[in-house]
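Just below is one structure, and these are the notes that go with it.
What follows is calculated from the coordinates using simple rules that are stated; it is not laboratory data. Since the model is a prediction, treat every value here as computed from it, not as a measurement.
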Amino acid sequence: MVDSRAKGARGEYLVRDMLREYTKLNFERVPSSGALDYLKGDIYVPNSRNYFCIEVKNYKDSPLTDKKKKDVKKLLNEHQ
């Protein structure tokens, strides 16, 4: 049986590391699994104004690594 919490955490770490690489910002996973009233989503930049709520979904049939990194980089550059 698959541990869904571990699977979700793996996906969040993958996205966190990709965002760090492309933006050079110190993205982190949200503490308490997003259960905080003042901080929503799965990934954020500490001590910074966060304009986006980043929610990560990690599906077996459509992993993020299938996406072209250049497309992700283009999307990130459009919003800087």
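Taking just the C-alpha trace of region 1-49, give me its Rg and Dmax in Å.
Taking only Cα atoms of region 1-49, I get Rg and Dmax of 11.7, 39 Å.
Hey, can you grab everything whose amide H is under 5 Å from the amide H of Ile43? Only 5+ residues off in sequence or another chain; H modelled, so Pro and N-termini drop out.
Val30, Ile54
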